[in-house]
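**Student:** Structure incoming, see below.
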């Protein structure tokens, strides 16, 4: 139920003609120089994460100028970047009553650039038209104590977004001096005029050619207009600092030639060892003022560098250097922390060996010494080796490694490394770590695998002490522990005697040699280095024979036994401490040589595509936009997603707006890595956003587009009105669904002829998607009016009117009132049953109460009630008055509880009630009603003579209707239409009496003899057809047959009679034919258009012969038929 209607004028929106255009000029200090420079020219420069040139050299960002210097001691200034400016941001509003003043104190200043403008500039008329306007401002300097105007500025036009302009003033007073900005135009006091002025800031410009010695700098100039409201960001792909590298080292091939003589040459490298050396020894940004090259163990770094450069599998089927360094050090930090980051990258630790800073790397190495219970300090408890183990919770079996991913737009990616066997055994324990200076997925995988493999395999730590003569290693060296107590068999001791002839060694204790397998004995040679020999015989429990006897094996030297069923126990020394008693305490951690192979060969990735041409770019889906408004500025927030995640994929966004000539004008374009973006400072208009995936080669996926408008919403197309009990629900509908639209609802019980008066004559209900107007004052059967308009962040539509009524369902209202009455205090009091203890008992109560509810509202009720029981049934009669405060407001009630309610007027002895209510029925004597709503009306009588049912069926035995009747269907019997009747549709009749078909006939005149014989036809019939119908007709003359006689006398004198028929239409002959002996036929159909005038037809027949007697002829009767002309339902083919 509901309708919408009305008229409105569409407001005019003048186009925005003020556009800010600023050239961004910036000089970025990149690095301490000198550096190598960009990797591939402008392809290595990214503006808002978009390369200036793609891989084929095509421009992707236009209007870009890039100049760079590598940071040499003596370098030239960059052309086009001669001046230097220090910008002071203000962002303050300039009001007419409050000029903004600032003081300039810089003495070396050459020029001042002022940036100012308007937040928006638009004038709105009372009819909603948005037009251009203007605002005037002044820039003044205080010269000689007086304010003098330097620039008189007038901004004229229209813009709904911020517009900024700049002026440069070079005739400056002596410093210090004051500047101020004034507004001459009156401040706006209404939302109809938006002309707020702002002083954005000023820039102090010094004309000087800066060369920036020892600093690598890049100067960029780009037109910022193509990026809209986005902040312009710059990224550069560079080869960084030129550092000292070995003179025999090729940093690009990452190889060394020949033997290094210890000298250096300058070159760029990504080997972390030489980056560390530069950081430690550079006098400007490093520790060069404290440490020289001679203080760093360059030979240890040389070995580490070679280990880092060794090629290992990259996971894609190729190889790459084991460790590379690609890092920016942008924050000042403690040197030890920075050194720790580099050491974590190289898997090493820094060690001061007493004279130089050296580095110990976790890489495969030979053992340097063997420790047994015979060459360590034996404590009183007899346990020289003290072991500890890492906690189970510290043994991670999965790692999430964050690294910088070139295939992801140089953003951070995460590489997951897992040990499935350990996860199944111990449960998942994840280590989250950052791979310092890592730009390779393979290197990130190796870093994570090295971390979890170290924690899972190298779980033991050993502590023991040795004397001075037993100290044969330094921190970082690999040592062997032969602990007989730990092994459960004798595996170490000292040699008591040596028989060089039989190669037999006598040991200080008995040993057990298994019959099978390879048994190895570790000895110490003459050079003090460990030597491994095979055991060939076991002549006595405390003696063994070896395969060869190394030179210098001495009595009381140390031996260690490696049995085939026991793993060699290697440890890496991590600390040596001097004890108070002259011994040295050693701490070592477990070392597993196989770890290096596990880490280097552990990366296996899905193979890279074998072609650069690919169609695997994900489709963009679920693209949506949301319009936002803030202080008159409009924004569009776009969101989308993809069915799958593909690394290295960005998203190209292109936003266009319809121009006045209906062409598409580019509003913004950019490339993002995220799946969300907010376009800011948009002007009203119709926009189209296109998003597609794009990879680093410039290949693009399928586009997804969405249209949105920044404009006032359209008028609701219609309004659904749903009736309820004392309420009406209004639900507006739009022709095209717009999730940003809501509706303002205004309500009145009288129609408003002029919708411009709605806000003054109607009551505002609120803003929502629908509204329920509910009140006890809404009466059924009465018209009420909603005035509704659509609203969004931009504006409001014209009003639309909808008229409706509350429900007229009487039965429903009774149920509605039942709920209201039973919920009221008075209803509960009247209907509450009191248990009477005896049958046929009676009770009479009078009640009255006054109370204050929780909201402080007063309520009161009074009444009387009679209750009785009979045959177990409860009966009640009562009446009551109440005044109660409800959600609908104050409600006064008069309730009666009884089986029968009657009104009796006993005057004049009349005891017949005028009104009785009983058994859900009401009986009344005489009723005068102003207004009646009833679904069923039935007259008295049986059967009733009059009945109106809820389905609209009217039954009446006799009806005299003198007014208008409107019916869609039905049947009429014995009906007389006494005056004119117009039938616009189709008339179907079994029988028609009227002028649709007319017919008339007559016999032609004959000569009749005296005895009554018809001899021959002779005479004229005239037919007159009046033009008395409003439709075209046809005159049909069925066939007229006529014939004259002919006789064959079988002589030369034959006898014949001619019969001639002549037909004229309106005096014009249309037929003339003579018949002699052979019958002739005339038939014709004539058109008679409506309005063509009367038609006269004359039919003349005469007969004559060649004999002297009477002629003889015959002619059939004349029949003329006039019908309405119509071809409907007739097809001739």
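**Student:** Of all residues in the range 312-333, how many are without any contact (Cβ under 8 Å) to a residue 60 or more places away in the chain and not in a loop (DSSP other than H, G, I, E, B)?
**Tutor:** The total comes to 1.
**Student:** If we keep just the residues of the range 116-130 that are under 32 Å from the mean Cα position of the chain (by Cα), outside any strand (DSSP E or B) and at pLDDT 80 or above, which is surrounded by the fewest Cβ atoms within 10 Å (Cβ to Cβ)?
**Tutor:** That would be 119.
**Student:** I've got another one for you. If you go through the range 177-195, how many residues are part of a strand (DSSP E or B) and either touching a helix residue (DSSP H, G or I) at 6+ places or on another chain (Cβ under 8 Å) or more than 21 Å from residue 154 (Cβ to Cβ) (or both)?
**Tutor:** Total satisfying the criteria: 2.
**Student:** Give just the number: which of (1) surrounded by fewer than 18 Cβ atoms within 10 Å (Cβ to Cβ); (2) within 29 Å of residue 474 (Cα to Cα); (3) without any contact (Cβ under 8 Å) to a residue 40 or more places away in the chain does residue 584 not satisfy?
**Tutor:** With (1) surrounded by fewer than 18 Cβ atoms within 10 Å (Cβ to Cβ); (2) within 29 Å of residue 474 (Cα to Cα); (3) without any contact (Cβ under 8 Å) to a residue 40 or more places away in the chain applied to residue 584, the lone miss is (3).
Quick grid of which residues meet (1) touching a residue at least 12 places away in the same chain (Cβ under 8 Å); (2) within 21 Å of the chain's Cα centre (by Cα); (3) at positive phi; (4) not assigned by TED's automatic domain parsing to the domain that holds residue 791:
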position: 705; (1), (2), (3), (4): yes, yes, no, yes
position: 724; (1), (2), (3), (4): yes, no, no, no
position: 731; (1), (2), (3), (4): yes, no, no, no
position: 737; (1), (2), (3), (4): no, yes, no, no
position: 741; (1), (2), (3), (4): yes, yes, no, no
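**Student:** So how many residues does the range 441-478 have that are buried (at least 20 other Cβ atoms within 10 Å of the Cβ), over 18 Å from residue 418 (Cα atoms) and at pLDDT 90 or above?
**Tutor:** Of the residues in the range 441-478, 3 are buried (at least 20 other Cβ atoms within 10 Å of the Cβ), over 18 Å from residue 418 (Cα atoms) and at pLDDT 90 or above.
**Student:** Is it fair to say residue 336 is in a helix (DSSP H, G or I), within 30 Å of residue 260 (Cα to Cα), within 56 Å of the chain's Cα centre (by Cα) and outside the structural domain of residue 529 (by TED's automatic domain parsing)?
**Tutor:** So residue 336 fits the description; yes.
**Student:** Filter the range 402-456 down to the residues that are over 17 Å from residue 390 (Cβ atoms) and part of a loop (DSSP other than H, G, I, E, B) and list them by number.
**Tutor:** Once the filter is applied, which keeps residues that are over 17 Å from residue 390 (Cβ atoms) and part of a loop (DSSP other than H, G, I, E, B), the range 402-456 yields 409, 410, 428, 435, 436, 437, 438, 439, 440.
**Student:** Please tell me if residue 394 is under 60 Å from the mean Cα position of the chain (by Cα), more than 30 Å from residue 523 (Cα to Cα) and surrounded by fewer than 14 Cβ atoms within 10 Å (Cβ to Cβ).
**Tutor:** The answer is yes for residue 394.
**Student:** Considering only the range 541-553, I want to know if a residue exists there that is at pLDDT below 85, surrounded by 13 or more Cβ atoms within 10 Å (Cβ to Cβ) and more than 17 Å from residue 484 (Cβ to Cβ).
**Tutor:** Looking through the range 541-553, at least one residue is at pLDDT below 85, surrounded by 13 or more Cβ atoms within 10 Å (Cβ to Cβ) and more than 17 Å from residue 484 (Cβ to Cβ).
**Student:** Condition test on residue 1053, is it assigned by TED's automatic domain parsing to the domain that holds residue 1119, exposed (fewer than 14 other Cβ atoms within 10 Å of the Cβ) and either over 27 Å from residue 1121 (Cβ atoms) or over 60 Å from the mean Cα position of the chain (by Cα) (or both)?
**Tutor:** yes
**Student:** Here's a follow-up. Looking at 152, 171, which is the one that is in a strand (DSSP E or B) and loosely packed, with under 12 Cβ neighbours inside 10 Å?
**Tutor:** 152
**Student:** Does residue 808 satisfy being in contact with a strand residue (DSSP E or B) (Cβ under 8 Å, 6 or more places away or on another chain), under 30 Å from residue 721 (Cα atoms) and in contact (Cβ under 8 Å) with a residue 12 or more places away in the chain?
**Tutor:** So residue 808 fits the description; yes.
Matching residues to (1) outside any loop (DSSP other than H, G, I, E, B); (2) out of contact with any strand residue (DSSP E or B) (no Cβ under 8 Å at 6 or more places or on another chain):
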{"residue": "1072", "(1), (2)": "yes, no"}
{"residue": "1084", "(1), (2)": "yes, no"}
{"residue": "1087", "(1), (2)": "yes, no"}
{"residue": "1091", "(1), (2)": "no, yes"}
{"residue": "1100", "(1), (2)": "yes, no"}
{"residue": "1107", "(1), (2)": "no, no"}
{"residue": "1114", "(1), (2)": "yes, no"}
{"residue": "1121", "(1), (2)": "yes, no"}
{"residue": "1130", "(1), (2)": "no, yes"}
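The values are calculated or read from the model by the stated rules, or taken from the named source; none is laboratory data. Small disclaimer: the values here were computed from a predicted structure and weren't measured. Here the Cβ is made from the backbone with ideal geometry for all residues, glycine too, and neighbour counts use every protein chain on show.
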